[in-house]
Every structure is written in structure tokens, then in C-alpha cells.
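Colleague: Let me begin by handing over the structure; questions about it come next.
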Amino acid sequence: MHLDGCMKRQVSLKGQDNLFLPLQELRSDSVSEVLNFVDVPPPHSGVVVYDALCKYLQNWGIEGKMCSISVDNASYNDAAVRMLKDSLSFYKRLHLNDKLFHVRCCAHILNLLVHDGLSKIENVIDNVRESVKHIITSTMRLTMFSDIVKQLQLPNKRLILDCYTQWNATYAMLSCVLEFNDVFPQYAQRDVISIFQVMKIG
């Protein structure tokens, strides 16, 4: 059994940066099953993540059935997996002499690679993000933007604000903004109270 434990970050209503551990079992018959979502409140350290993993593995009685685990590259995950590996090794519960126990999350590695490439145009992306945020956070500004879209007879699509940690969301935001290439210069002429220069895309 392979356990996928890639962490998901979420800021709580109290402003706490919580980690959610979606524990997913991948069985040999290629069936994937979500076992549970575990809330891991701060502070985030290897010991805290390790304790959360151990607690649920023992509760479900599967600590001796794991052959591998995949997590993202956060340092606390490395520490937690190292502690988990030591614990399972002590009880001789690791398969294949633990050679394949810690599997890096491919999606996270891909995300890091793409973000490294996007860093070359970071100023452009930041400008686009701030411009989109400026427009969509005000009903008046959004109405003004929509009126220009109608005047230019463009498709009535919504602007997308990305989540900066997810490259595919950044791609969706940039693709959407490019469709409004002719709208932004006209919008910048009308929004004279803007606290920053709305970008010209093109």
C-alpha cells in the first residue's frame, strides 16, 4: 500500500496557517481511496506531522502495510518521513529494505520547476495579478471594466485571480487577461483614482 500525504495549506478564519493532510491509500489494484483529511494546526514541525501520521496509521491498523509514502519537499515533511521510517524500521515493518519508502511528490516538483521558469517574468505576473485584484475587488471598477468589454463586443468572461502557489492558476489568469488585451488601456484612462498604474498588456 502506498500512502499519499501531500500537504495542503489553508489560512483559517483566525489567521492561522493550517496544514491539511489528505491521507490517500493507493492499493495494488490501482484503486485510490481517500482515508481521511487531517487538520495539522501550527506550529508545523517534523515532530508534529510525524505524530499526526502515526496516530492515524495506528488507528486504522495500517502501519505495517505501508510500502511507501509521497509528500512534498517541505523540510518538516522530510523530518517526519525520516522519523516514520526509523519507527517502522525498528519494528521491521518496512518493505524492500526501505529503498522506495520516501517518494517525492511529482506534482510538487513540477510546480517548483514551473515557478522557477516563471521567476524570469515575475514583475509582469505581479503587475497582472495586482491589476486583476484591483479591478475585481470593487463593484464599481468591475462594472467599468465590463462596460468596456461590452463596447468592444468581446466575450463576457470573468477575470481570474490566481493562487500564486499554483502555476496552473497563474496560467489561467494570464490566458484570461490576454483575451482582454484591448480593454486594459481603455480602462486605465477611466480609472484616474487608481493607486497604481494599471498595466498595458501586449
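Colleague: In the range 43-62, what residues are surrounded by fewer than 18 Cβ atoms within 10 Å (Cβ to Cβ) and either β-branched (Val, Ile, Thr) or over 26 Å from the mean Cα position of the chain (by Cα) (or both)?
Modeller: Within the range 43-62, Val47, Val48, Gln58, Asn59, Trp60, Gly61, Ile62 meet the criteria.
Colleague: While we're on this one: Which one of Leu88, Leu100 is more than 21 Å from the chain's Cα centre (by Cα) and surrounded by 15 or more Cβ atoms within 10 Å (Cβ to Cβ)?
Modeller: Leu88
Colleague: Return the residue satisfying two criteria in turn: it lies in the range 123-159 and is among the polar types (S, T, N, Q) and not in a loop (DSSP other than H, G, I, E, B), and of such residues it is farthest from Arg190 (Cα to Cα).
Modeller: Asn123
Colleague: Cβ-Cβ under 9 Å, sequence separation 6+ or interchain: first residue in the range 75-103 and assigned by TED's automatic domain parsing to the domain that holds Ser45 and within 17 Å of Ile62 (Cα to Cα), partner basic (Lys, Arg) and at pLDDT below 80. Which pairs?
Modeller: Partner pairs satisfying both residue conditions: Ser87/Arg93; Arg93/Lys65.
Colleague: So for the range 160-183 (the condition being closer than 30 Å to Leu113 by Cβ, modelled with pLDDT under 95, part of a loop (DSSP other than H, G, I, E, B) and among the aliphatic types (A, V, I, L, M)), does at least one residue qualify?
Modeller: Checking the range 160-183: at least one residue is closer than 30 Å to Leu113 by Cβ, modelled with pLDDT under 95, part of a loop (DSSP other than H, G, I, E, B) and among the aliphatic types (A, V, I, L, M).
Conditions tested, residue by residue: (1) in contact with a strand residue (DSSP E or B) (Cβ under 7 Å, 6 or more places away or on another chain); (2) charged (D, E, K, R); (3) part of a loop (DSSP other than H, G, I, E, B).
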| site | (1), (2), (3) |
| --- | --- |
| Ser70 | yes, no, no |
| Asn73 | yes, no, yes |
| Tyr76 | no, no, no |
| Val81 | yes, no, no |
| Leu88 | no, no, no |
| Leu94 | no, no, yes |
| Asn97 | no, no, no |
| Leu100 | yes, no, yes |
| His108 | no, no, no |
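The values are calculated or read from the model by the stated rules, or taken from the named source; none is laboratory data. What you see is a predicted model, and the numbers here were worked out from it, not measured in a lab. Using ideal geometry, Cβ is built from the backbone for each residue, glycine included, and neighbour counts are taken over all protein chains shown.
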